[in-house]
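In what follows, a structure is listed as structure tokens, so that the remarks can point back to it.
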Amino acid sequence: MKSAIILFPGTNREQDMRAALRQSSGVDPYLIFHRETAVPEVDLIVIPGGFAHGDYLRCGAMAARSPVMRDVVAKAKRGVPVLGVCNAFQVLTETGLLPGALMRNADLKFVCRNVDLRVETSQSLFTSGLAEGQVMNVPVAHHDGNYFADGATLDRLEGEGRVAFRYCAPDGAVDGRGNPNGSARNIAGIFNETKNVLGMMPHPEDSVEPIQGGTDGRGLFDGIVRALS
């Protein structure tokens, strides 16, 4: 499986993502700087976390208008899988590839800790290596991770099976105990209409090796590789 990782000034999780993809696929991803105008023909495009352009204007707003994103959007609309994590979830909403917006955390504080996620569906190339209802423990590190959309959009996401992950308690219960940022309906990740684009706030790439404190994220990457190989 060939993949490409998009880099912006302020990206800081590209090496974590690179290591996770290389571990699961055995192939080193391309690293593509934001000023490039085209992405190589690959099986998967990944936008990693960080603080694109310092997030000085609005998280993801400047990155969404970088030259390379025109090709990323075009390829996504043609069906190329795109995974966006943390800051990249913000970028994907700013491009319009995903609905809604990421606002400041409800308590207005940066949160950096492990959280529990419930897998809401295994019916996608991204989650095919996971079981519906499975609880994953992975890190979050964000200040603007509070997912918001209007009621009609939230209902549509629910009805179309486009909620990928929810924050939950360790036993899988979806309630306020597990929500680190105030996200609507505990949403931690969503798909586009055709499920070839996934945006998620937590960092599965930082839970693939025992030295990181856990390996719950490994199944996501192994599943992606199997689905695209």
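Cross-link reach is defined here as a Cα-Cα straight distance under 12 Å, omitting same-chain residues fewer than 8 places apart; for Lys77 the aspartates and glutamates meeting it are Glu193. Other residues whose C-beta falls under 11 angstrom from the C-beta of Arg13 contribute a net charge of -3, scoring Lys and Arg +1 and Asp and Glu -1. Of the residues Ala64, Ala38, Ala74, the one that moves most in a GNM of the chain with alpha-carbon contacts below 10 Å is Ala74. Rounded to the nearest whole Hz, the Karplus-based 3J(HN,Hα) values (6.51 cos²θ - 1.76 cosθ + 1.60, θ = phi - 60°) of the stretch 2-19 follow the sequence 9, 9, 9, 10, 8, 10, 10, x, x, 4, 9, 10, 5, 6, 5, 5, 4, 5, with x at glycine and proline. Around Glu94, what is the net charge, scoring Lys/Arg as +1 and Asp/Glu as -1 over all other residues with Cβ under 10 Å from its Cβ? Net charge in that neighbourhood comes out at +2.
Would you compute, from DSSP H runs of 4+ residues alone, the mean residue ellipticity of the chain at 222 nm, taking -39500 (n - 2.57) per run and dividing by the full residue count, rounded to the nearest 500?
Working: 5 runs with 52 residues, N = 229.
One gets -7000 deg cm²/dmol as the mean residue ellipticity at 222 nm.
Amide H contacts under 5 Å for Phe33: Leu7, restricted to partners 5 or more places along the chain or on a different chain, H placed in the peptide plane at 1.01 Å from N. With R₀ set to 30 Å, the beta-carbon distance separating Arg65 from Glu193 gives a calculated FRET efficiency near 0.85. Close amide H contacts of Ala164 (hydrogens built in the peptide plane, cut-off under 5 Å, sequence separation of 5 or more or a different chain): Gly189, Ile190, Phe191.
Would you please name the GluC sites (Glu not before Pro) within the stretch 146-229 that are DSSP coil residues with at most 14 other C-beta atoms within 10 Å of their C-beta?
Passing sites in the stretch 146-229 are Glu160, Glu193.
Springs join every pair of Cα atoms under 10 Å in this Gaussian network model of the chain, and among Ile32, Ile47, Ile190 the largest mean-square fluctuation is at Ile32. On full extension, the segment bounded by Val27 and Arg185 gains 53.2 nm, given 0.36 nm per residue less the C-alpha separation. Looking at the stretch 1-60 alone, DSSP beta bridges between its own residues are antiparallel in about 10 percent of cases.
For a modelled paramagnetic label at Ala101, 7 Å from Cα along Cα-to-Cβ, the residues of the stretch 120-149 in reach, with backbone nitrogen under 20 Å, are 142-149.
Using the Karplus relation 6.51 cos²θ - 1.76 cosθ + 1.60 with θ = phi - 60°, the per-residue 3J(HN,Hα) values for the stretch 66-78 come to 5, x, 5, 5, 4, 6, 4, 4, 4, 5, 4, 5, 8 Hz, with x marking Gly and Pro. Within the stretch 1-112, DSSP assigns beta bridges of which about 10% are antiparallel (rounded to the nearest 5). Applied to the stretch 91-104, the Karplus parametrisation 6.51 cos²θ - 1.76 cosθ + 1.60 on θ = phi - 60° returns per-residue 3J(HN,Hα) values of 4, 5, 6, 5, 7, x, 5, 10, x, x, 8, 10, 9, 4 Hz, with x for Gly and Pro. In this calculation the C-beta distance from Lys77 to Ala152 is compared with R0 = 30 Å, giving a FRET efficiency of 0.85.
Straight-line cross-link partners of Lys75 among the lysines, defined as a Cα under 24 Å from its Cα and at least 8 positions apart when in the same chain: Lys2, Lys195. Scanning residues 5 or more positions from Thr11 or on other chains, those with amide H under 5 Å from its amide H are Phe51, His53, with H placed 1.01 Å from N in the peptide plane.
Need one number: nm distance between label points at Lys2 and Arg177, each 7 Å from Cα along Cα→Cβ, rounded to one decimal. Output for this residue pair reads 4.8 nm.
All of the numbers you see were taken from the coordinates with simple rules; none came from a lab. The shown structure was predicted, so the numbers you read here are calculated from the model rather than taken from an experiment. All Cβ positions, even for glycine, are placed from backbone atoms using ideal geometry, and neighbour counts span all protein chains on display.
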